[in-house]
1. Go through A:Lys195/A:Lys338; A:Lys5/A:Lys670; A:Lys33/A:Lys622; A:Lys5/A:Lys580 and tell me which ones have a Cα-Cα distance over 22 Å in this structure.
2. Expressed as a whole number of Å, what is the distance separating the alpha-carbon centroids of segment A:809-859 and segment A:701-751?
3. If you look at just the Cα atoms of segment A:1-150, how large are its Rg and its Dmax in Å?
4. Taking chain A as the reference, fit the longest principal axis to its C-alpha atoms, fit the long axis of helix A:108-132 to the helix C-alpha atoms, and give the angle between the two in degrees, 0 to 90, nearest 10.
5. Projecting each Cα onto the charge dipole of segment A:30-87 (Lys/Arg +1, Asp/Glu -1 at the beta carbon, about the Cα centre), which of A:Thr59, A:Pro44, A:Gly85 comes out farthest on the positive side?
6. Return the lysines within reach of A:Lys855: Cα separation strictly under 16 angstrom, same-chain partners fewer than 8 residues apart disregarded; answer none if there are no such residues.
7. How large is ³J(HN,Hα), in whole Hz, for each residue of segment A:427-437 in order, when computed from phi with the Karplus curve 6.51 cos²θ - 1.76 cosθ + 1.60 and θ = phi - 60°, using x for Gly and Pro?
8. Please give the peptides A:103-114, A:319-330, A:574-585 ranked by average Cβ packing (other Cβ atoms within 10 Å per residue), highest first, as a rough proxy for protection.
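The values are calculated or read from the model by the stated rules, or taken from the named source; none is laboratory data. Quick caveat: nothing in here was measured; it's all calculated off a predicted structure. Every residue, glycine among them, receives a Cβ derived from its backbone with ideal geometry; neighbour counts consider all protein chains shown. Heavy atoms of the whole protein, side chains included, go into the accessibility calculation; ligands, DNA and RNA do not. Shrake-Rupley method; radii C 1.70, N 1.55, O 1.52, S 1.80 Å.
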Amino acid sequence: MSLPKAYEPHDVEEHWRKHWEDNHTFTPDPDAKGEPYSIVIPPPNVTGALHIGHALNHTLQDVLCRHARQKGKKVLWIPGTDHAGIATQNVVERALAKEGKRRHDIGREAFIERVWDWKREYGHRIINQIKALGSSVDWTRERFTMDANLARAVRRVFVRLYDEGLIYKGKYIVNWCPRCHTALADDEVDHNPAKGKLWHVRYDLADGSGSVTIATTRPETILGDSAVCVHPEDERYAGLTGKQVVVPIVNRTVPLISDRYVDREFGTGALKVTPCHDPNDWNLGHTHKLAFIQVIDDNGNMCHFEDEGGAAKYAGMSREECRAAIVEELRANGHLVKEEDIEHSVGCCYRCKTVIEPYVSEQWFVATTRMAPQARAAVPELIRIFPDSWMKTYYNWLDNIRDWCISRQIWWGHRIPAWTCADCGELIVSETDPAACPKCGASHLEQDPDVLDTWFSSSLWPFSTMGWPEETGELKTFYPTSVLVTAFDILFFWVARMIMMGQHFMGEVPFRHVYIHALVRDEQGRKMSKSLGNGIDPFDMVSKYGADALRFTLVALAAMGRDIRMSEPRIEGYRHFMNKLWNASRFALMNLEENAVPEPVNPDAAAGLHNRWILHRLEEVKAESDAAIESYRFNDAAQGLYRFLWSEFCDWYLELIKGDMKDDAPADAKAEARFTLYTVLKETLVLLHPIIPFVTAEVWQSLPGHAGEDIALQLFPEARPGCLKPGDADDMIFIQETISAIRTIRAELNINPSYRLTVLLRPVDAKQKELLEHGRAWFMSLARLENLIISAEEHAPKASASNVVRGCEVIVHLSGAVDFQAELARLDKELGKVDRELAALNGKLSNENFLTRAKPEFVEQEKARAADLADKRGKMLALQKRFREAAE
RNA sequence: GGGCAGUUAGCUCAGUUGGUAGAGCAUCGCCUUCACACGGCGGGGGUCACAGGUUCAAGUCCUGUACUGCCCACCA
């Protein structure tokens, strides 16, 4: 079987994607043997597109899953998508807007149908993108957060929590988007800096004894004031608390209170309190039992209120109009003391950028304050977070948690399973749609119009996807999942809530590990975003460089706890690695007999030093890459394999066996090299497969004896402890160092690479001599020699260039026009290095404290090094002297 | 304001119990050597942000400073 000269990913990937899907390769049997290993995918927005962050997220999970399969585990990786309430609704609303319609024009049912249409049309796109990356998910278990089964789980959870008092309905001041007509979670509000005005307004004391000046950016809320508040220790206002003040315009008499919340430094140190229209004032209103006066409605307009002081004229105005009008009135009646410019931040709807309005309304809540302690206690005993620096962040959030507002005033999502009886007002919360009021029997029931926050269904994802509330085999086998892989930005919305729900409904945490990976940034370290236009589309990259190149890049850069800076040239660079692997494999195939598995030899007893060396290194690399993946050090795994394959296997091993592969080479040497080549390549392919599944799959099935096989089903190679031979490996490295020394001399003296040199090696002892003799053929080919003399008795000719490697003098005969200057410069440079190192070492060794207090074995090691260097220095000085004489 | 990271070669970054500072890319020189020019061989390049401290020994541990980035809270 022959492979094309350069790796072309496109067809290869297409073939294997289809193969894996058609064969249900990644559908586990829950009853099979083996330890279970499971992951649920963090479901991306169904109508979105995967960005590079998803590509990283999915690639890391895929590495873990493929690796776990290799370790004999039964692996379940569940794919799916999220309905993403507000985001999706917005997308569809925008599409409607193009037809000149708004959602209210077509009505709730028709609108929801439109969203489903949209989902059916665009849901495939994201699924195809997951497939393009090569993710080894179980496609037979694909889930969507609005699936019927998941909807059932949502209702079950809602009703149970309601019955237990952990879900309640209450008035609360929420972040309200007057345009979207929905409450927003705190984290759905963007804080944008804005230029505004700070108006200083005088409030007269009711007893006429003076006044207090407050500062506000929102004078329109004066209409809803129910107190003025100062800091209890503020001398400026000492003695005033407890008095009454008169709110301008409405002439309302309200108390002057004190609270430590007030910042004395800001404005005038006196704060007007509007409990219905500011979250902090809401808290003050409750602690000080103030009046709650609503003056702004759900559209952000001034609503109708009691006509105090003729204020009714403001009703119906927008917030902005009213603000201007009130400022004018204050100016006119002399209450406006000062107007100053101020830079402050304004909360805006994260979808539509409308300024949010704090608004008191009826909402549903989950009492997460009560669920938090148990979720907090799960870390780190039951759940380990990697890297553990995120634990503090997790604790910090849970320690400051507030109840979770779960109702959203939109249409797309899980509708709240609560009904109100139109006749008697009874509130009914039920898993199934009730036919009649259980209290009065009437059938005029109105379902709550709100839907649940998207994260509500997401928080059930680890068990809802496995069929809960049924007691399924999946749940029994695969819950809790092994690890959750996610970016830190949803640690709060999602991870903590999954933990709470898992503990509450499954009696067990939803995952054992949480691996928090990096954020992918651009070359300048900026977050990739659509608005900046600096995003790298992962699928452009896949089509240009192949999925493996993209995956390898992401994995190689995924150092724990650090962001990734991504750029296209980097991916292009790693594509070269795919090609290198491809060509190394081509070389192997050319040197193996077609369709014939090499005759096995005992790898523990290989005769060739090069074979013993590469087998030794293979064992080390196996252990290292295994350990690296198991401890989420993805970059270590990728870089270790990169180095082994390129710098050791290709650069040295393949060159070392070329002699063995010649027709006239001894049969046993050829057989041993072939088998070793075959073994090392095969096992390296398996080690690389979790990171680069496609190219490894393609090469694997072209190997003799593996036609038609799927590398995804191969087990992790067994350890061969008998192959670990550090001494032999070191001997091989000595030969490599010696070859490199000759090459360096050649390059630095500008001797043409094709010119065949004569070299003298003067070994320090018989063992070294024997070793060099063993490597004679390698010296001849890899250093391109005409003649090699290995003898301590032989002396260097005067016209020669030299170096010393582990005491062995390496002497290159120079003939013809010798560039004396070049060689002298080279020797000086080399000696300079030795001198500097030796000086540092001698300094250390003459330090009494070092000799007495450092670990003895370390002192010994340093002494040996010093002796080696001194020996090298002496030899080089002698060689230099001889050369100088020749030069004169 | 509270908290968390980071600062190592031109660039992007590794550096796991303190013990000779590394990789990839880029750069320079030589080479169309029969797997690969998406290649081979070789070279140059770093006061490990700064200042102290602990230690025989600090990129690594401690304290402080500066700068950068992020998270949380607040901005009446």
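1. In this structure, A:Lys5/A:Lys670; A:Lys33/A:Lys622 lie more than 22 Å apart at Cα.
2. 30
3. Both quantities, over Cα of segment A:1-150: 18.9, 64 Å.
4. 10
5. Farthest along the dipole direction, towards plus: A:Thr59.
6. Within the straight-line limit of under 16 Å, A:Lys855 reaches these lysines: A:Lys844, A:Lys863.
7. Using θ = phi - 60°, the values come out as 9, 10, 10, 8, 5, 10, 5, x, 8, 8, 5 Hz.
8. Put in order of decreasing packing, that is A:574-585, A:319-330, A:103-114.
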